[in-house]
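Novice: Can you keep this structure in mind? I'll have questions shortly.
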Amino acid sequence: MVEACACGGERLSFPLPEDCREYFPGSPAGATLCGFCLRVEPTEGAPDAAPDFQTVSDAFPRDDGDGARVAVLLWMLDSIAHYRSEASELAERLERSGTDPLLVLDRLAREDDIDPHFDLSRRTTQLEQLLYDV
């Protein structure tokens, strides 16, 4: 964990996987994830190694790349109307790699030590509708 977020939570700095950089304006090298409010912000610098996302919650996948992809998905869910197709694509990529993104998001929404800055349960439902056309 590094520097504090505006909410007071600690931020986890991580390198963005190559396949996720295109989603952020300017294709930054890294991003930060607040362990309390789940706010994700792009950064120019990035650590050389991926952090342990399970320090935020054991809901995150153990795979470093998938942990970073879940964080990017959280960033997209904050503006899901703008990132509908990208969020759907990223969620499907996570599924193909063995991570159930809806289960991860549901578990994060139920965490007592996390207070997302947006309605995570509602956005998860919206993502599910995108994925399964329900």
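The values are calculated or read from the model by the stated rules, or taken from the named source; none is laboratory data. Keep in mind the model is a prediction, meaning the values are calculated, not measured. No Cβ is skipped: glycine too gets one built from the backbone with ideal geometry, and neighbour counts run over all protein chains shown. What goes into the accessible areas is simple: the full protein's heavy atoms, side chains included, and nothing from ligands, DNA or RNA. Shrake-Rupley method; radii C 1.70, N 1.55, O 1.52, S 1.80 Å.
Novice: Go through 61-71, 118-128 and give me the packing order, highest mean Cβ count within 10 Å leading. The partial results should precede the final answer.
Specialist: Numbers: 61-71: 20.3, 118-128: 16.7.
By packing density, highest mean first, the sequence is 61-71, 118-128.
Novice: Note down, for the stretch 3-73, the three equivalent ellipsoid semi-axes (square root of 5 times each alpha carbon gyration tensor eigenvalue), biggest first, whole angstrom. Before the final figure, lay out the partial values.
Specialist: Numbers: eigenvalues 59, 43, 21 Å².
Listed largest to smallest, the semi-axes of the stretch 3-73 are 17, 15, 10 Å.
Novice: Okay, next question. Normalising by the residue count of the stretch 1-83, find the relative contact order in percent from Cα pairs under 8 Å and 6+ residues apart.
Specialist: Details: 137 pairs, mean separation 20.6, N = 83.
Relative contact order for the stretch 1-83 comes out at 25 percent.
Novice: Further, regarding this structure: At LEU131 and ASP58, where each label point lies 7 Å from the Cα along Cα→Cβ, what is the point-to-point distance in nanometres?
Specialist: So the label points at LEU131 and ASP58 sit 2.2 nm apart.
Novice: Simple spin-label model, 7 Å along Cα-to-Cβ: ASP119 to GLU86 in nm?
Specialist: Once both label points are built, they end up 2.3 nm from each other.
Novice: How much of the accessible area of the chain, probe 1.4 Å, is carbon plus sulfur, in whole percent?
Specialist: The nonpolar share, carbon plus sulfur, comes to 42 percent.
Novice: Would you kindly compute the Cα radius of gyration of the chain and its largest Cα-Cα separation (Dmax), both in Å?
Specialist: Taking only Cα atoms of the chain, I get Rg and Dmax of 13.5, 41 Å.
Novice: Using a ≥ b ≥ c from the Cα gyration tensor of the stretch 75-121 (square roots of the eigenvalues), is it rounded, prolate or oblate, where a/c under 1.5 gives rounded and otherwise the larger of a/b and b/c decides, a/b for prolate? Walk me through the numbers before you get to the answer.
Specialist: Values: a/c = 3.31, a/b = 1.24, b/c = 2.67.
Taking the square roots of the gyration eigenvalues as a ≥ b ≥ c, the stretch 75-121 is oblate.
Novice: Further, regarding this structure: Let me have the relative contact order for the stretch 23-134, percent, based on Cα pairs under 8 Å that are six or more residues apart.
Specialist: Numbers: 131 pairs, mean separation 28.0, N = 112.
It comes to 25 percent, rounded to a whole number.
Novice: Determine the dipole magnitude for the stretch 1-90: charges of +1 sit on the beta-carbon of Lys and Arg, -1 on that of Asp and Glu, nothing else is charged, the reference point is the Cα centre, and the result goes in debye to the nearest 20. Don't skip to the answer; put the middle values down first.
Specialist: Working: 6 positive and 16 negative charges, 56 e Å.
That gives the stretch 1-90 a dipole magnitude of about 260 debye.
Novice: Summing +1 for each Lys or Arg and -1 for each Asp or Glu, what net charge is found among the other residues whose Cβ lies under 15 Å from the Cβ of TYR23? Don't jump to the answer; show the numbers that get you there.
Specialist: Working: positive: ARG21, ARG69, ARG84, ARG93; negative: GLU18, ASP19, GLU22, GLU41, ASP78, GLU86, GLU89, GLU92.
Net charge in that neighbourhood comes out at -4.
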